[in-house]
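The structure appears right after this line, and notes come after that.
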Amino acid sequence: LSCGIPVIAYNVGGMAEIVQDTHGKLLDAGGGPKEIARSLEEILTADETIKQKLRNNAHAFWNTHFNADKNYQDFIQKLMVLAKGEQL
């Protein structure tokens with residue numbers, strides 16, 4: 001995601017919270033190699049505009065939810081608010 005690469009993953013564990021149609025493909029847990037191949041082909045043969053949108057969305061999702069530099073700063077700010085006895 002951080003490199004703007006769309007994600008393909010099986011719907012197991014917490015994957016449904018991470019992989020969305022806007023930036024990848026979430027496959028049924030019972031799927032096999034043919035389902036992966038079909039999803040790869042669908043992404044690779046998509047119109048360039050669609051591929052670019054998937055790439056942009058993948059990076060934006062990472063930046064919003066998983067960017068450590070941003071998340072650590074947000075976390076520190078919240079701790080500072082709590083240390084002052086204020087509500088979040």
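Filtering region 65-78 to residues that are open to solvent by 80 Å² or more (accessible area, probe 1.4 Å) and part of a helix (DSSP H, G or I) leaves 65, 69, 72, 73, 75, 77, 78. For region 47-62, the criterion of being open to solvent by less than 80 Å² (accessible area, probe 1.4 Å) and not in a helix (DSSP H, G or I) is met by no residue. Which ones in region 24-46 are loosely packed, with under 14 Cβ neighbours inside 10 Å and of a type in the set (A, V, I, L, M)? Listed by number, the residues that qualify are 29, 37, 40, 44. Of everything listed in (1) assigned to a loop (DSSP other than H, G, I, E, B); (2) open to solvent by 60 Å² or more (accessible area, probe 1.4 Å); (3) touching a residue at least 24 places away in the same chain (Cβ under 8 Å), the single unmet condition for residue 21 is (3). For region 24-46, the set of residues classified as small (Gly, Ala, Ser), at pLDDT 95 or above and outside any strand (DSSP E or B) consists of 37, 39, 46, listed by residue number. From the list 18, 8, 36, the one residue that fits, being under 19 Å from residue 58 (Cα atoms), touching a strand residue (DSSP E or B) at 6+ places or on another chain (Cβ under 6 Å) and not polar (S, T, N, Q), is 8.
The values are calculated or read from the model by the stated rules, or taken from the named source; none is laboratory data. In this text the structure is predicted, and so the values were computed from the model without any measurement. Neighbour counts run over all protein chains shown; Cβ positions are idealised from the backbone, glycine included. Areas reflect the complete protein model, heavy atoms only, side chains present, ligands, DNA and RNA absent. Shrake-Rupley method; radii C 1.70, N 1.55, O 1.52, S 1.80 Å.
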